Amino acid sequence: MVFSSHLFLFGFLPLALALYFTAPLRWRNLVLTLASYVFYGWTNPAYVALLLLSTAIDWYAGLVQGTGHWWPRGALAALEPGGPRTRTQRTALVLSIVSNLSLLGFFKYFGFAVASWNAAATALGLDAATVATTLSVVLPLGISFYTFQSMSYSIDVWRGRAAPMRSFVDFACFVSMFPQLVAGPIIRFSEVADQLASRETTLAKFARGVAFLSVGLSKKVLLANPCGKIADTVFDAASSSALDAWYGLAAYAFQIYFDFSGYSDMAIGLGLMLGFVFPKNFSSPYKSRSITEFWWRWHLSLSTWLRDYLYVPLGGNRRGVRRTYVNLALVMLLGGLWHGAAWNFVLWGGLHGALLAFERAFGPERLWRRLPAAGRTAATFLVVLLTWVPFRAADLAATGQYYARLFGLARPGPEAGLLAGLTASPYLLLTFAISALVVWAAPQSWTWTRRIGPGKAVLAAAGLALAVVALATQEFNPFLYFLF
């Protein structure tokens, strides 16, 4: 089940809200947890067992750390930051990390690992070393999100930044909460721990949540989907002119931004409607004036997660210049692989890692000092555009072919002339232009929804109505998070 569907908007959501608000306060976490399991298991109920397993392991690891015993009993105590840890507590942390990474590694990377091994063995003439397997592993929806989220709890308990939780229901509610389960933002336990115990639901908060939901759904349905249709048509074409290639690439940049930020807006809005306040996840990233700034603005919950749970433990910038560059490159390579089990995602991460290291070495201000502010924004967007190619292309070969199209190195075939008729209709061109206007001229959703007056209420309602009508007519409504 996805947010941008009539089933969710007119079936699941009204029922979930009715059950939630009619339940006594002490039962609301349980109601929300059960509703979230229904939401997650709608497509494949077997996925719920995997979610429960990850949840149970990390909840148990937190109890062991809080009591110091494998059979947790007695009072729970928060660990002192920087204080001594017993072997039992250390083992509990290792259990959490290894189990989560094992689940993620098997379900997301098993097929990739086997295919990569076989390709390398074949290239080296070692056909006997190839691995034959009939096992087909299906990627569970949102596993990259909830394993990171659940694992961060046990790490924060270890670091003394979070108190272990006694109630399994409350912890399961934190991990499975349907607003952010499959689409982010990646919520940390410390951000909602107090809210799980007690939260306030007000009319103003609920109204802001509805506005967030309306804006997010409008982004997804009215902007991301049409831009995605342009991008898919151009990327899937056998050939194209350079102009069409740039048009398709820019359309993909708009699609992925409005899709990701739209779902984040909807998640934040749904959280507000339930009384939760989730952190901001996007901050107008295409207005950035450097790649470093881009990562301060793009998918904030993921970039800060990678910083706090990977970059800093690796040493960050505390172990010399060379180690800093190595850490940046390694974190971005792993960040790329987190997005998808393919070498083109590794290339995407490697490109961003190299760019971040380059800017750190020379300083973004020095690199772009000759350009005005608008020029720096345009230059940064151009670089980001070029790095989106491996992220969108089917594989490394397709990546190279698309770069050749962009720079006029691939002669367009006779079929390339058909692209204009498929991608340059007045509706798609207008949507593309509106997308650009929203990206660079419109206020952020976070700011726009802070105060909802009559005018904004009308605009939000109109956007919601148009999105709902468009859902009934659109055949193209991809869910990009299925990739992750």
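For this structure, a couple of remarks:
- Scanning region 398-408 finds one or more residues that are more than 29 Å from the chain's Cα centre (by Cα), more than 23 Å from L337 (Cα to Cα) and loosely packed, with under 14 Cβ neighbours inside 10 Å.
- Filtered residue count, region 387-397, keeping only those that are more than 20 Å from the chain's Cα centre (by Cα) and free of Cβ contacts under 8 Å to residues at least 40 places away in the same chain: 1
- Per the listing I256, I230, the residue uniquely surrounded by fewer than 24 Cβ atoms within 10 Å (Cβ to Cβ), outside the structural domain of R73 (by TED's automatic domain parsing) and of a type in the set (A, V, I, L, M, F, W, C) is I256.
- Counted residues, region 292-321 - those being assigned to a helix (DSSP H, G or I) and either more than 24 Å from F145 (Cβ to Cβ) or hydroxyl-bearing (S, T, Y) (or both): 8
- Being at pLDDT 90 or above, in the same structural domain as Q89 (by TED's automatic domain parsing), under 24 Å from the mean Cα position of the chain (by Cα) and within 19 Å of P14 (Cα to Cα) holds for only one residue in S176, S154, and it is S176.
Conditions tested, residue by residue: (1) among the aromatic types (F, W, Y); (2) free of Cβ contacts under 8 Å to residues at least 24 places away in the same chain; (3) surrounded by 22 or more Cβ atoms within 10 Å (Cβ to Cβ).
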site	(1), (2), (3)
S154	no, no, yes
R159	no, no, no
A172	no, no, yes
L181	no, no, no
G184	no, no, yes
E191	no, no, no
S198	no, yes, no
L203	no, yes, no
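- No other residue among L126, L101 is surrounded by fewer than 16 Cβ atoms within 10 Å (Cβ to Cβ) and closer than 18 Å to I186 by Cβ apart from L101.
- Single residue of region 68-107 satisfying the filter (among the β-branched types (V, I, T) and not in a loop (DSSP other than H, G, I, E, B)) that is nearest to the chain's Cα centre (by Cα): I97
- Applying the criterion of at least 2 residues that are closer than 21 Å to A251 by Cα to the helices (runs of 4 or more DSSP H) found wholly in region 331-395 leaves 343-362, 373-392.
The values are calculated or read from the model by the stated rules, or taken from the named source; none is laboratory data. This is a predicted model, so every value here is computed, not measured. Methodologically, a virtual Cβ is constructed for each residue, glycine included, from the backbone with ideal geometry; neighbour enumeration extends over all protein chains shown.
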